[in-house]
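The values are calculated or read from the model by the stated rules, or taken from the named source; none is laboratory data. Owing to the predicted nature of the structure, the values given are computational and were not obtained by experimental measurement. All Cβ positions, glycine included, derive from the backbone under ideal geometry; neighbour counts span all protein chains shown.
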Amino acid sequence: MPDQPPEPGAWDWDLPPGAHTDAAADSPAPRFRRTVLYTVAGTALPGLGLIMARRRVVGGVVLGVFAAALLGLGAYALLDLQGLAGRFVDPTFLYRLSAGLIVVALVWVGVVVATHLSLRGRPTRRQRAVGGLLVGLLAFAVAAPMAVAARYSYDSASAVQGVFKSQDDSKSATRPTLGGPTQQDPWADKPRLNILLLGGDADAGREGTRTDTVILASVDTHTGDTTLFSLPRNTARMPFPKNSPLRRYYPHGFTAGDGADAEFFLNAMYGNVPKKVPGDLLGETDNLGADVLKLSVGAALGLDVDYYMLINLQGFSKMINALGGIRLNVNSYIPIGGNTDLGIPPKEFLKPGPNQKLDGRSALWYARGRFGSNDYARMDRQRCVINAIIKQANPRNVLSRYEDITKAGKQIVRTDMPQEVLPLMVDLSLRVKNGNVRSIVFRHNENGFLSYDPDYPRMRQRVKVAIGEAKTTPAASASPKASGKSTAPRNSPKKKTESEDVDDSCAFDPAMAATATPYRG
């Protein structure tokens, strides 16, 4: 039997004047308006629409489960936010979350469809078409965010597994064993965490890896205050701990007697030492070169190095692009390309200017460019890059580019930090972001430091003093320069200290920028 034509007024969304009677309320138009209203409400609060359709038991169960889930999540976040955040670096949880979100999306869409069918009664053909379109839009509104969240969860689990191995699946001869975290303070038994940041130059056309960037980040786990110690790549005679088996092979440190021999510089240890000693000299390890560097840098600075992170500088630009770029103050012309040794001048320069937004390529040359300059100027800029990443990698830009960041991380990072430590690192990263950042760059012929013959006892003393200065200096978060936007000149008188405030050191200097000229050889 063909559909009957709609009654007069069936498509009027407002009742005609004087029509507020029981018959009018039961006519197709108001009934359809109620269906639309409760279908939308039942999508926002699953189960509500079913209750209004007199399916009270099913609707009450669905609404109760939904409310219990929201209240449980809210209570978890309120009572143990760190624990909740830590879940999001647990691959097993993330994989389960990804699958769970898909199931929730399907169930939610099913509730939307069931709600509409229970409410609509006997619709006309046009009402059925409009209702179908409405259900489709609401189902998409529910399923799309769930699908995106499920994809993020899956990518995050994959990224964590790609970079961070579990304690059982990775070997390190120098990695510490942390005690179980307490709810009050997970770092109660670990006042400082020392992480060795290495920049490697591995490339398809180059044999081995030389760590041209060596920075030790020492973090106060209670305040987040951080001190960066930058060592020149040509530092000679690097020591080893007295009780280390490496002393049998290098009794006078990593040297053959000549402090100018490049094969015995700091940047050559990663590749050269493993060629000369047994692979199991320090114990089971996945990266003997990194373990050697951790022990040696720790002995040089008087600190126990807990973990290392090796970043492939050829892929560094991908990470910066994934973050959407970083903002840095540029005080001089910084070369892009060029080769000082071969006398090949650069064709491009980063020009001086405050608060410049640099993409991955520009940020890489900001950190690496040294034509007509030296390693120490480059080391100064590298700490500015680290500081900018700490301050500017906020949740908004990380989440908006999450997939790109996870892919970039798997390509460029190698570390001995296990998955089991990551929940603690989530908590610590929030403290570091709001903490003070100071630094020491060990420059040749400055404060008694000679790269070819370092005075290591003097260096250890400077490190000890610098860590104390970080504790007594006002937090960088209280300064407007923490955002990287400062343009204040750096000419105000300051008390002499062993370390430098990184925000001050990386601020824009108008006088320096005004007199800067590009060096072309």
Would you point out the residue of region 324-357, among those that are under 25 Å from Arg414 (Cβ atoms) and in contact with a helix residue (DSSP H, G or I) (Cβ under 6 Å, 6 or more places away or on another chain), that is surrounded by the most Cβ atoms within 10 Å (Cβ to Cβ)?
Ile326
Please verify whether Ala173 is in contact with a Gly (Cβ under 6 Å, 6 or more places away or on another chain) and either basic (Lys, Arg) or in contact (Cβ under 8 Å) with a residue 12 or more places away in the chain (or both), treating the condition exactly as stated.
yes
Show me the strands (runs of 3 or more DSSP E) found entirely inside region 282-352 where at least 3 residues are under 23 Å from Ala217 (Cα atoms), assigned by TED's automatic domain parsing to the domain that holds Phe449 and touching a residue at least 12 places away in the same chain (Cβ under 8 Å).
307-312, 326-330
Could you check how many residues of region 49-98 are farther than 23 Å from Val109 by Cα and either touching an Asp or Glu at 6+ places or on another chain (Cβ under 6 Å) or among the aliphatic types (A, V, I, L, M) (or both)?
9
Scan region 257-281 residue by residue and report those that are in a loop (DSSP other than H, G, I, E, B) and buried (at least 23 other Cβ atoms within 10 Å of the Cβ).
Phe265
Within region 385-419, of all residues that are at pLDDT 85 or above, out of contact with any helix residue (DSSP H, G or I) (no Cβ under 7 Å at 6 or more places or on another chain) and part of a helix (DSSP H, G or I), the one farthest from Asn355 (Cα to Cα) is Ile386
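Does Val277 qualify as being farther than 26 Å from Phe508 by Cβ and of a type in the set (A, V, I, L, M)?
yes
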